Structure formats: C-alpha cells, structure tokens
Amino acid sequence: NGFKNFYSGWSDYLPGYLYILYFLGKIKGFIPDVILYKLPAILADISTGFLIYKIIRKTKSEKLGLLGASIYIFNPAIIANSTLWGQVDSFVALFSLLAVYLLTTSYWLSTIFLAIGTLVKPQAAFILPVVLLIMIKEKWPIKKIFVYLLIGLFMFLGLFIPFWNHGNLFNFILERLTISANQYQFTSINAFNFWALFGFWKPDNFHWIIGIIVALLISTFAVRKNKSPYFLCAVIFSSSFLFMTRMHERHFLPALAFLAIAAIENPLLLLPYIGFSLTYVANLYYAYVWITNNFKEVFSDLVVKFISIANIIFLWCVLFPVKLSFKLKSVASKTISLPKTNLSPTSAKYFLIGILIFAFVTRTFNLWNPSAEYFDEVYHAFTARTMLHNDPKAWEWWNTPPEGFAYEWTHPPLAKLGMVIGMKIFGENAFGWRISGALLGVGIVYIVYRLGKDIFKDEIVGLLSAAVFSLDGLPLVLSRIGMNDSYLLFFALLSIYFFLKQKNFWSAVAFGLALASKWSAIWALPILFLLWLRRKNKFSISLFLSFIIFPISIYLLSYLPMFLSGHDLSIWWGMQQQMWWYHTGLRATHPYTSLWWSWPLLIRPIYLYTSDEIGGMVSRIYAMGNPIVFWFGFTSVIVCAIYSYLEKNKNLAFVVFSYLIFFVPWAASPRIMFLYHYLPSIPFLAIATGYVLRRNPKLVYWVFGIGLLVFIYFYPHWAGLQIPLWLDRSYYWVSSWR
C-alpha cells in the first residue's frame with residue numbers, strides 16, 4: 001500500500017523495521033519466503049556476534065573475542081528467536097550494541113543507530129542512561145552532548161515522515177507512540193518474569209509504576225556495582241524485562257548480547273548467562289505453542305512460576321556474582337585463637353545446605369493447617385484477604401468488621417502485602433497467606449549464618465549460629481503464622497548486614513522495608529549508629545541521604561494500594577495517628593502477657609491456637625522457645641559479655657549490644673507485652689551461642705544432641721500437629737507454661 005497508506009490499517013509497530021519489510025517485499029520471489037523473512041534477523045545475529053568479537057578482542061584478547069562471539073551466535077536462545085521463529089529482536093540487540101560501541105569513535109553513528117533501534121522497538125532507548133553516563137565519564141562538553149541528542153532526535157522524527165498521512169507531524173508521531181505503548185496494557189504477556197508469578201495477561205492498573213521503580217532501583221545499584229557499560233546495559237535490559245509490565249517473552253533477548261560480553265569480562269557471569277539462555281528458550285517455546293496452537297499451555301502454572309523465580313535468581317547472580325562477604329574493620333585488641341578444625345570448604349557448604357533444608361522443611365511442613373485464621377491472623381491475614389479483593393475497608397479504621405475479625409491498621413502494610421502476594425500465587429488459603437513469612441524465616445537462618453561467620457571471620461561460628469537459630473521454637477512458630485514478625489526480622493537483619501558490608505544503599509532499602517513491616521524496626525538504628533561510629537570515613541552525604549530518602553520512599557510506597565483505592569494523604573496521616581495512639585495508649589489485659597525481663601528465662605509462653613479434642617487427639621500451637629536454645633543461649637550472652645570486657649573484644653561487644661537493644665527498651669513500653677516481642681534478639685543470642693560453642697568445642701555435641709531431641713519433642717506443639725493427649729500434657733514442664 002506504500003508508506004503513506006500503511007498506517008491507515010492497524011499496526012502497533014513503529015516505522016523502524018517497516019523499512020526492512022518494504023525492501024523484502026521488493027525482492028520477494030527470488031528467495032523462498034521461509035528464508036527471506038528470517039534472513040534479516042539471522043544477519044543481525046551474525047553482525048552482533050562479530051561486534052562482540054571486536055569489543056572483547058580490543059579489551060581482552062582475540063581468543064576471548066572468538067569465545068564471546070561463539071557463545072552468542074551459537075546460543076540456542078538466539079537461534080530460537082530468529083532462525084526458528086523469525087522474530088526481529090536481534091535488531092534491538094545489534095543497534096543497542098552499536099550505539100554503545102561507536103559512542104567514543106563515531107558518536108554521530110552511535111546516535112543514529114540508537115534512534116533506528118528505538119524505532120524498531122522502543123526498548124532500545126533503555127540504554128540512553130548508560131550512554132549519558134559514558135559521556136559524563138569522558139567529560140563531554142555540553143554542546144557535544146546536545147548535538148548527539150539532536151541528531152538522534154532528528155533521525156527518530158525524520159523516519160516517520162514517509163508514513164505521515166494526517167494531522168501535524170508531532171501529533172501523528174505521538175499517536176503512533178501511544179498506540180505502540182498502550183496496545184498491551186497487561187502485566188506479563190507470556191513473559192516469564194516477576195509478574196508471571198501472578199498469572200499472564202493481568203491488567204497493569206498500577207503495577208507499571210512499581211515495575212519502573214524496581215527496575216530503576218536495580219539499575220541504579222548496578223552503576224555502583226560495576227562501571228562496565230556492557231554490564232550496565234545487561235542489567236537494564238534484564239531488570240526491565242523482569243519487573244516492568246507489558247513485556248513479551250522475546251523482550252529479554254538484547255540482554256543476552258551485553259551479558260555475553262560481561263560474562264567474558266567476569267567469568268562468574270557465565271552461570272546466569274547460561275541460565276537466562278535456557279529459560280529464554282523455554283519462554284519462547286511456551287509462547288510459540290500458545291499463539292500457534294489455540295492458546296495451548298505446554299507448561300503447568302507451577303513450572304511457569306518456577307522458571308520465573310529462576311530468572312529473578314539469575315538476575316541476583318548477575319548483581320552478586322561472588323559470595324557476599326565482608327571484613328569487619330574493628331578487631332579485638334587481644335586476639336584469641338579459635339581451636340583449629342579440619343572442616344573443608346566443601347563440607348562447610350554441605351552443612352549450610354543441610355541447615356537451610358532443615359529450616360525450610362520445618363517451616364513449611366503442614367503449613368496449611370489450621371485452614372482458618374488463628375490468633376492475630378484474624379487481623380493480619382483477614383486484612384490481607386480484604387486487600388486481595390481491593391476492598392477499601394482494609395484502609396479504613398472506622399469500619400465495623402465481621403464478627404471474630406478486625407481490620408489491621410495498627411502496623412504498616414508491607415507484611416500484609418506479602419501475604420497478598422502469597423495468596424495471588426498459591427490461592428486464597430492458609431498456605432497462601434503464610435508461605436511468604438515462612439520463606440523469610442528460612443532467609444533469616446541464612447542471614448544469621450552470614451553475620452556469625454563474617455563478624456568473627458570464622459566459617460564454623462556462622463554454621464553453629466545458624467544451626468542454633470534453626471532449632472529454636474519461637475522464630476519457627478512466628479514464621480509459620482500470617483503476621484508481620486518474620487518480615488520485620490528478615491529486613492532488619494538484612495539492613496544490619498548490608499551496613500556491615502558498607503553497602504549503604506541496600507542497607508537503607510532493607511531498613512525501609514523493615515520499617516514498612518513494623519515500627520519497632522527503629523531499634524535497628526542504634527545498631528547501625530554503633531557500626532557507623534566504628535567506620536574510618538564516617539561522613540558521607542550519600543549515606544545520610546540514603547537513610548532519609550529510601551526508607552521514607554519505601555514506607556510511602558507500601559501504601560500505594562491504599563492511594564490507588566481512592567484514599568488520599570489525609571487518610572494516610574489519620575492511619576499513622578491511629579497507629580501511634582494504639583501503641584502508646586493501649587490499656588488491655590491478656591492471660592498470656594509477660595514482662596520483658598522474663599523473656600530470656602522462658603517463663604510465660606503464649607498459646608496461639610488450640611483445637612477441640614477428637615478421639616483423644618488434640619492440636620495446639622504454642623509460641624515458645626526451645627528451652628535448650630533459650631537457657632544455654634542466655635548463658636552464652638553473659639559469657640560473651642565477660643569475654644568482651646576481659647579481652648576488649650569489640651566484635652563480642654557488638655553482638656551483646658545488638659541482643660540487648662532489641663528487647664531491653666520494652667521496659668519503657670506502656671502497653672502489654674508478649675514473648676514474641678523477644679524475637680529480634682534471638683539471632684544475636686544464636687550468634688553468641690555459636691561463638692561460645694566454637695571456643696568450647698566439647699560442648700557442641702552435647703548442646704546440639706540435646707537441643708535436637710528437644711526440638712523433635714516440641715515440634716508438634718509448635719507446628720499444630722495432631723497428637724495424643726498424653727503427649728500434649730507432657731509439654732507443660734512448669735505451671736506458667738500452661
């Protein structure tokens with residue numbers, strides 16, 4: 001129909017690839033169609049491979065250049081996209097790579113290729129921030145930057161002119177861009193990304209905002225992690241695919257071109273490169289069968305979710321290709337040599353895996369029982385279910401709830417949003433609203449391992465600390481219930497850990513997430529302040545800005561569903577007032593309340609659930625600690641305090657301080673308190689125990705032998721398993737435990 005009449009019909013493509021199709025139409029007949037329409041993308045693949053070779057040869061060597069080109073050109077993911085299916089995403093990869101490669105040699109060609117790539121698919125424009133970063137790094141004059149952008153803009157606008165057939169040019173271009181952007185207003189369009197966890201083709205009402213923010217945060221962090229422009233482009237394309245909405249299955253392909261280069265620069269990135277390639281092939285296969293076989297789904301919903309989670313993990317492996325580790329700056333003035341061991345790194349790895357598997361199984365086994373809300377789930381989980389149905393009552397403290405339930409507005413909403421995510425993935429059931437907290441409970445075990453290991457620079461201390469923590473009943477019970485305690489503890493510990501590593505940005509983000517789970521996260525601040533005092537270079541504007549901007553932003557962002565449900569800032573502020581009045585003015589009574597000083601002694605646990613007796617069997621859930629962990633752990637904290645004083649050991653002092661700061665301030669609380677408020681201190685109690693056992697290895701077998709037996713004995717009492725009455729009666733060792 002010619003250029004002028006083309007857009008008289010329907011098309012959501014911008015003009016870029018249409019020029020190539022016009023040319024193919026002119027030579028049609030000389031080459032079989034099955035080859036003709038795939039040939040441009042195939043040639044683009046080969047050109048991209050050659051460009052990868054040139055880039056790596058220049059910075060590394062010719063052999064590595066050949067290797068980089070090979071892992072791209074012969075990648076099944078690349079072949080599947082162009083040679084098999086005949087899609088054109090290869091051009092986005094080629095033009096984006098050309099734009100970066102030519103920037104310092106022929107900047108006018110760079111901007112032309114960037115404009116053309118954007119006209120093929122707008123995703124090419126995602127690399128513009130990297131281009132600007134390179135300009136800043138190379139100290140380009142403002143005039144040169146302006147010329148670069150102006151040339152690209154004229155190229156972008158000029159290629160629309162042959163297709164211009166109504167109105168003024170700018171309105172015509174805006175119309176085409178709007179049609180292209182709004183054609184698929186869905187979260188995931190068969191893309192195995194984060195949004196696929198909640199299903200394909202879901203309206204992206206507000207999700208697109210979240211997606212953009214997350215992608216920007218990840219990309220910003222990548223800048224701090226690695227200055228290589230190819231690495232940064234790989235992160236931008238992969239994070240936008242995984243977290244932005246309206247993504248098709250094919251939109252990930254440009255990331256593979258940049259990641260191939262980054263993987264040669266850093267071989268540790270080969271694993272995520274291979275992983276992404278495999279999941280991309282699976283994603284193409286799913287989408288191809290779906291679109292050509294009457295919407296047939298070749299993978300089950302569970303497999304789709306598994307692959308989507310794998311993609312997120314691979315992105316994590318791109319950002320953190322090396323094991324997280326840090327070395328504490330301050331060391332003891334008197335060095336104490338820990339006993340030598342023969343534990344190999346491989347054995348240590350298997351021990352850690354075993355501990356994490358144990359934690360996972362014990363936290364998820366029989367998680368769906370009880371099937372209805374129990375204890376404070378009638379507030380938290382009930383409100384999460386209300387949010388799931390987009391009911392505005394979840395944000396209105398003045399409403400009268402159904403009998404036996406209450407709307408939970410006394411804490412920030414992040415934990416409830418976590419429960420909503422669980423229910424969206426696994427259904428509106430008990431498992432759905434509990435699984436997120438359970439998984440965070442497993443994550444806490446791992447963070448305890450990292451803290452124990454890195455504070456004392458000893459692998460075995462970390463393993464012992466994690467093992468001790470995994471054996472305790474209080475964190476086990478609170479990770480299996482739809483409340484906010486696991487969320488608070490996970491993100492608070494994560495913030496402390498990142499601050500130890502001097503990763504200020506991520507520490508601030510984690511602190512914001514902790515604060516959006518529960519206000520008591522503020523007790524992490526004294527710990528962070530102590531660590532800040534121990535730094536050599538204390539004064540950093542970025543540090544202070546991070547802890548002002550990101551926690552506040554994340555806290556407000558956690559209320560985004562509230563704002564999107566028609567509530568304004570006045571309702572938000574009213575909710576904050578209600579929360580403050582509740583926590584400072586509550587004058588309630590409860591038969592299982594306990595004073596703060598009694599928690600380490602395990603004097604008064606708390607019943608969370610009890611069933612009726614049926615056939616001599618009963619099911620109960622009791623929030624209490626493992627007596628061995630509690631009592632030996634409290635003794636270990638005292639011993640560590642003594643060690644710290646006698647040896648002037650600042651690391652031990654840090655552990656003892658962290659343990660105390662999370663529960664001693666409750667002495668000033670005007671409201672009733674329960675044993676579960678002691679939870680944030682348990683990780684540091686476990687680390688103190690791990691250190692004492694490390695210095696006294698003869699105690700290890702006794703403590704863990706008895707501790708494991710007691711764990712097995714109490715587990716039905718913690719997990720709500722059906723047990724005979726005689727066993728239930730045996731649990732009440734002292735009268736205050738009833």
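The condition of being open to solvent by less than 40 Å² (accessible area, probe 1.4 Å) and modelled with pLDDT of 90 or more holds for Ile621. Restrict the check to segment 179-189 and report whether at least one residue is over 21 Å from Phe91 (Cα atoms) and either under 20 Å from the mean Cα position of the chain (by Cα) or charged (D, E, K, R) (or both). Checking segment 179-189: at least one residue is over 21 Å from Phe91 (Cα atoms) and either under 20 Å from the mean Cα position of the chain (by Cα) or charged (D, E, K, R) (or both).
Of the residues making up segment 252-272, those that are within 21 Å of the chain's Cα centre (by Cα) and open to solvent by 10 Å² or more (accessible area, probe 1.4 Å) are Leu268, Leu271.
Exactly one residue out of Ser644, Ser681 is among the small types (Gly, Ala, Ser) and either under 22 Å from Ser735 (Cα atoms) or at pLDDT 90 or above (or both), and it is Ser681. Taken over segment 509-560, the residue count meeting the criterion of being over 18 Å from the mean Cα position of the chain (by Cα), assigned to a loop (DSSP other than H, G, I, E, B) and either buried (at least 18 other Cβ atoms within 10 Å of the Cβ) or touching a residue at least 12 places away in the same chain (Cβ under 8 Å) (or both) is 6.
Give segment 599-628 a look and list any residue that's part of a strand (DSSP E or B), within 37 Å of the chain's Cα centre (by Cα) and of a type in the set (A, V, I, L, M, F, W, C), or say none. Passing the criteria: Ile606, Leu608, Ile621, Ala623. Looking across Tyr582, Tyr592, one residue alone is touching a residue at least 40 places away in the same chain (Cβ under 8 Å), closer than 20 Å to Val378 by Cβ and open to solvent by 60 Å² or more (accessible area, probe 1.4 Å). It is Tyr582. Looking at Phe714, Phe704, Phe657, Phe632, just one residue is touching a helix residue (DSSP H, G or I) at 6+ places or on another chain (Cβ under 8 Å), more than 30 Å from His583 (Cβ to Cβ) and surrounded by fewer than 18 Cβ atoms within 10 Å (Cβ to Cβ), and that residue is Phe704.
Residues of segment 499-507 include at least one that is without any contact (Cβ under 8 Å) to a residue 12 or more places away in the chain and within 24 Å of Ile687 (Cα to Cα). Looking across segment 176-214, just one residue is outside any loop (DSSP other than H, G, I, E, B), touching a Lys or Arg at 6+ places or on another chain (Cβ under 8 Å) and among the polar types (S, T, N, Q), and that is Ser188. Taking segment 664-701 as the region of interest, how many residues are among the hydroxyl-bearing types (Ser, Thr, Tyr) and not in a helix (DSSP H, G or I)? Within segment 664-701, residues that are among the hydroxyl-bearing types (Ser, Thr, Tyr) and not in a helix (DSSP H, G or I) number 1.
Of the conditions (1) open to solvent by less than 20 Å² (accessible area, probe 1.4 Å); (2) out of contact with any Leu (no Cβ under 7 Å at 6 or more places or on another chain); (3) of a type outside the set (Lys, Arg); (4) closer than 21 Å to Val445 by Cα, Phe505 clears all except one; give me its number. So the condition that Phe505 fails would be (4). In segment 72-83, the residues that are surrounded by fewer than 18 Cβ atoms within 10 Å (Cβ to Cβ) form Cβ pairs under 9 Å with partners that are part of a loop (DSSP other than H, G, I, E, B) and of a type outside the set (Gly, Ala, Ser), at six or more places apart or across chains, as follows: Thr83/Lys38. Could you tell me whether Leu98 is farther than 23 Å from Leu216 by Cβ, touching a helix residue (DSSP H, G or I) at 6+ places or on another chain (Cβ under 7 Å) and surrounded by fewer than 16 Cβ atoms within 10 Å (Cβ to Cβ)? Taking the combined requirement at face value, the residue does not satisfy it. Scanning segment 610-628 for residues being over 18 Å from His677 (Cα atoms) and of a type outside the set (D, E, K, R) gives a total of 9. Within segment 332-350, is even one residue within 29 Å of Val223 (Cβ to Cβ), surrounded by 11 or more Cβ atoms within 10 Å (Cβ to Cβ) and modelled with pLDDT under 75? No, segment 332-350 contains no residue that is within 29 Å of Val223 (Cβ to Cβ), surrounded by 11 or more Cβ atoms within 10 Å (Cβ to Cβ) and modelled with pLDDT under 75.
The values are calculated or read from the model by the stated rules, or taken from the named source; none is laboratory data. Remember, it's a predicted structure, so these values are computed and weren't measured experimentally. Ideal geometry is used to build each Cβ from the backbone, glycine not excepted, and the neighbour counts take in all protein chains shown. Ligands, DNA and RNA are stripped out before the accessible areas are found, and what is left, the full protein with its side chains, is counted by its heavy atoms. Shrake-Rupley method; radii C 1.70, N 1.55, O 1.52, S 1.80 Å.
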